[in-house]
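Bear in mind that the values in this text are calculations on the coordinates, not laboratory data. Source: prediction; values computed, not measured. Reconstructed Cβ throughout: ideal geometry from the backbone, glycine too, with neighbour counts over all protein chains shown.
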Amino acid sequence: MAQKYDTVEAYVAAQPAAAREILNEARRRVSNAVPRATEAISYDIPTFKLDGKPLIYVGAWKNHIGVYPVPTGDEALQRDIERFQSGKGTLKFQLAEPFPYELFDRLLHAAVAEHS
């Protein structure tokens, strides 16, 4: 059974160094881009909420970072995320590859636009 965490801080602290670095940077980017966003644990992974509703989930797994759900941004965004898609609403970013932070920023902005 997966470990349960009460806070995002506890979740991040329990991850291997590579995942921890990515999660902390994702938290920083969400905080900078969406200052009103709050953090919570939902579905056992970090969740960023806006106005009390989930905006984006970011979870660490053995070999990848998962980002959920997949925003339906513009066509260019859809082309750029295609190779990371795994299922209808999941993006998987392999830990063995550099994390695409700029793409994450675009996903975040698309999620905010959909949320509005």
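List of remarks:
- All conditions in (1) touching a residue at least 60 places away in the same chain (Cβ under 8 Å); (2) closer than 17 Å to L23 by Cα; (3) among the β-branched types (V, I, T) hold for V58, with the sole exception of (1).
- Subset of segment 75-89 [farther than 18 Å from F48 by Cα and without any contact (Cβ under 8 Å) to a residue 24 or more places away in the chain]: E75, A76, Q78, R79, E82, R83, F84, Q85, S86, G87, K88
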